[in-house]
1. In the range 359-369, how many are surrounded by 23 or more Cβ atoms within 10 Å (Cβ to Cβ) and assigned to a loop (DSSP other than H, G, I, E, B)?
2. With the structure loaded, tell me whether residue 400 is surrounded by fewer than 24 Cβ atoms within 10 Å (Cβ to Cβ) and away from the ligand (no atom under 15 Å from the Cβ) or whether it fails that test.
3. Has the range 62-77 got any residue that is among the hydrophobic types (A, V, I, L, M, F, W, C) and assigned to a strand (DSSP E or B)?
4. Just for strands (runs of 3 or more DSSP E) wholly inside the range 425-536: which have at least 2 residues that are modelled with pLDDT of 95 or more and more than 30 Å from residue 562 (Cβ to Cβ)?
5. Can we say residue 322 is closer than 30 Å to residue 563 by Cα, over 24 Å from the mean Cα position of the chain (by Cα) and assigned by TED's automatic domain parsing to the domain that holds residue 386?
6. Mind checking which residues of the range 306-325 are without any contact (Cβ under 8 Å) to a residue 24 or more places away in the chain and within 9 Å of the ligand (Cβ to nearest atom)?
7. Quick one: in the range 442-477, of everything that is touching a Lys or Arg at 6+ places or on another chain (Cβ under 8 Å) and among the aliphatic types (A, V, I, L, M), which residue is nearest to residue 539 (Cα to Cα)?
8. Could you tell me whether residue 243 is in the same structural domain as residue 344 (by TED's automatic domain parsing), in contact with a Lys or Arg (Cβ under 9 Å, 6 or more places away or on another chain), charged (D, E, K, R) and within 30 Å of residue 299 (Cα to Cα)?
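The values are calculated or read from the model by the stated rules, or taken from the named source; none is laboratory data. A quick note: this is a predicted structure, and the numbers were derived from the prediction, not measured. Every residue, glycine as well, gets a Cβ built from its backbone with ideal geometry; the counts of neighbours run over all protein chains shown.
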Amino acid sequence: MCGIIGHAGKGENIVPKCLQKLEYRGYDSAGIAALNSSGIEVSKGVGTVDEAVEAPQGSAAIGHTRWATHGGVTQTNAHPHTDPDGRVAVVHNGIIDNHSDLREEVGEGRFESETDTEVIPHLLAQHLKEGLDPRAAAEEVTDRLEGSYAAVALLEGGQMVAFKQGAPLAVARNQDEHFFSSDVVPLLEHVNEAAFLQDGDIAILDSDLRVFNQGREVERDSQEIQWEGGSATRGDFDHFTRKEIGEQPETIKRATFQDEESLTEAAGMLEKARTVWITGCGTSSYAADHMRDYLAPEVDARSIQSHELEYRTDEVGDDDAVVAVSQSGETKDLLAALEGIEAPVLSFLNVAQSSLERRSDHTIHINAGPEVGVASTKAYTAQLTAMKTVAAELKDQEQVLESLRSTAEKAERLVKASESLAEKLHGALKGEDAYFVGRYQRFHSAKEASLKLKELSYIHSEAFPAGEFKHGTLALVEEGTPVVGFVDEETADETLSNLEEASSRGAEIIGVGPKDRDVYDLHVPIPEDPNREMLEVIPFQMLALKTALDRGNDPDRPRNLAKSVTVK
Ligand code: F6R
């Protein structure tokens, strides 16, 4: 949530270009502050970077793309924020919990915006005015801040000061430039390696970058960025979401390529655990649900969403293990749940070097490449694949790897077929409500398909186990209400009777599975496959994309959402 950039050195328009690559972290408003001969110039406004900013030029600049937490979406609340004299400009990602106390201290009348962030430039400027150097001033300020932050300040003297606690901030350099960035995606075209600051770090960029923690200078080692320069660009595609849906045959295959030692270590952690708690949020939590079923019955595994796990950490024993599932590795709910846990953590992660990787005892990289579309598509199927690969290692099921690679080939055919399937589905899902049902593993897929539809199309959609229908939701079924049923052989008898019950009350039944059935008004054929869960969501990803476009929504940037959810 919120993306921040800092840049110093040669190169024109670097900050706006980098900022556009961070828009998936927030796109309510944007702003840039640049240092030029007349001081710090700020341009900011509501909308995307293109709409909101007339890019000011300068030898050093900071930028921000916002996902509002404190204060409405207005030009005044957009970052950067400055002190009253305009000598310090600040961009911030996170939440300053004690901002009200700090505002009172500074004097309410001195603030322009309603944001928590604005206290930072005020406090920094105060300490600089008292004669402190930038590092000492930043130490004074960070001593006072409670909450989470990654912040970069641009000072009138030309220095930049960055500090972080809880939210991510990468630093990188090439021969001519220094960068600060919320993640490595904007940096791909500029540098080959980056380092991540650690909590408590204060970085001072003057002629060179120096990092301090608790008063001591520290080294933060750079690591090679694994993603290629062009991998975060749209290429010839109209939207990232379409590109990423289409990449799945490749990313499913890639997720099976895991280092043997790493697999052994991951399987060992799960095998020796008394109970395995698998946790994530949103789409990643549905992948976690599937993983529970991959591990059972050999492993006592539970799947629980991270914001709920946070209330149960005292139930997690030291001899248990936690599996943390996240595309971004920055999801606050997940990181917060892990705070109270002593058990070893195995993570399934897409973004390397993220906060989750640092918190984990071992990480399986799902290798999906940058996922820019806010709705998770290829990361989900890559999570499932990597999880199944680990489960196969634990259960000595060598044939699974082969089967996953053949699933990737079927995914290729299904991606192609999904264009016309989505067209038909779109015709069937005409109203403002849709219900998705399934039993056992099919229920997990129903949840993911429903989430895709609601977040991109804004159609109200609910998913629940098919058996629950008659316990309440059936009351909402009217003539033509679309009900999507995920059906497999194991659960067919019961799910089909639930669909019959809905059909006899007027529901339009859309059946998803290998076989066409009498009760279906529309059949979405999915190939027979032992890894069907990786296939059956694909037509619904495409449906969500199609519906979004049809309704004039931006599928890459659904309203109110952001890619990396770094607040609770
Ligand atoms: C839905 C979606 C979200 C994320 C969730 C967790 O399409 O993308 O539900 O899955 O916010 O994010 P990560 O996986 O980054 O922890």
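1. 2
2. yes
3. yes
4. By residue number, 482-486, 508-513, 522-525.
5. When the stated conditions are applied, residue 322 does not pass them.
6. Within the range 306-325, no residue meets the criteria.
7. It comes out as 463.
8. no
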